[in-house]
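All of the numbers you see were taken from the coordinates with simple rules; none came from a lab. This one's a predicted model, so the numbers in the text were calculated from it and none came from an experiment. Cβ sites come from the backbone with ideal geometry, for glycine too, and all protein chains shown count toward neighbours.
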Amino acid sequence: MTAEANNIMSNSERALLAGGCFWGMQDLIRKMPGVISTRVGYTGGNVANANYSIVKRGDTGHAESIEVVFDPEVLSFRDLLEFFFQLHNPSTPNRQGNDVGSQYRSAIFYTSEEQKTIAQETVADVDASGKWPGPVVTEITAAGDFWEAEP
């Protein structure tokens, strides 16, 4: 790894977001300035080695999620969350469009207390904006294991 790449990774932050089918969300988020890398997978559940075959049943507690590694000097966590809320409807529990089930819920899995606070503030602001037809139901939960999705 080059010194520049090593410096970027040491100054990076990790976010785990769920807002429906992960492929579309990944395609848009990875183009944001400051995003270093993205992976799609499953988190928030109670089954080890989660994969699509078991998560699609809807009983594992996992959500289809995107892991975002980003440079907080270029992209703040708040700005990432504001973009995240433009990509999905956070007022529909366990559903995004035609995708239905708890694996398609809106959730922020925080990796630090600072992220938790920023997530709570952002959700409150999005809810107060009145943009959505109902209250924002986005879960804010501590990050757990992340299982990368099949290619």
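Using a Gaussian network model of the chain with C-alpha springs under 10 Å, which one of Phe83, Phe22, Phe70 is most mobile by mean-square fluctuation?
Phe83
Could I have the simple spin-label model distance between Val100 and Glu73, label points 7 Å from Cα toward Cβ, reported in nm to one decimal?
With each label placed 7 Å out from Cα toward Cβ, I get 4.9 nm.
Can you give me the distance in nm between label points at Asp125 and Glu82, each placed 7 Å from the Cα along the Cα-to-Cβ direction?
Using points 7 Å along Cα→Cβ, the separation is 0.6 nm.
For the chain, what does the relative contact order come out to in percent, with C-alpha contacts under 8 Å and a separation of six or more? The partial results should precede the final answer.
Details: 290 pairs, mean separation 46.0, N = 151.
Computed value for the chain: 30 percent relative contact order.
How large is the Kirkwood hydrodynamic radius of region 35-98, in angstrom, based on all distinct alpha carbon pairs? Don't jump to the answer; show the numbers that get you there.
Working: mean 1/r = 0.0737 Å⁻¹.
Here the Kirkwood hydrodynamic radius works out to 13.6 Å.
For a bin width of 10 Å, list the pair-distance distribution of the chain built from all Cα-Cα distances, rounded to whole %.
12, 42, 35, 10, 1
Would you mind telling me which residue in Asn98, Asn51, Asn89 has the biggest mean-square fluctuation in a Gaussian network model of the chain, where springs connect alpha carbons within a distance under 10 angstrom?
It is Asn98.
Grab the beta carbon distance between Ser112 and Glu148, set R0 = 30 Å, and tell me the FRET efficiency rounded to 0.05.
The pair Ser112/Glu148 has a calculated efficiency of 0.90.
Counting helices only, and only those DSSP H runs with n ≥ 4, report the 222 nm mean residue ellipticity of the chain as the sum of -39,500 (n - 2.57) divided by its residues, in deg cm²/dmol to the nearest 500. Let's see the in-between values first.
Numbers: 5 runs with 47 residues, N = 151.
About -9000 deg cm²/dmol.
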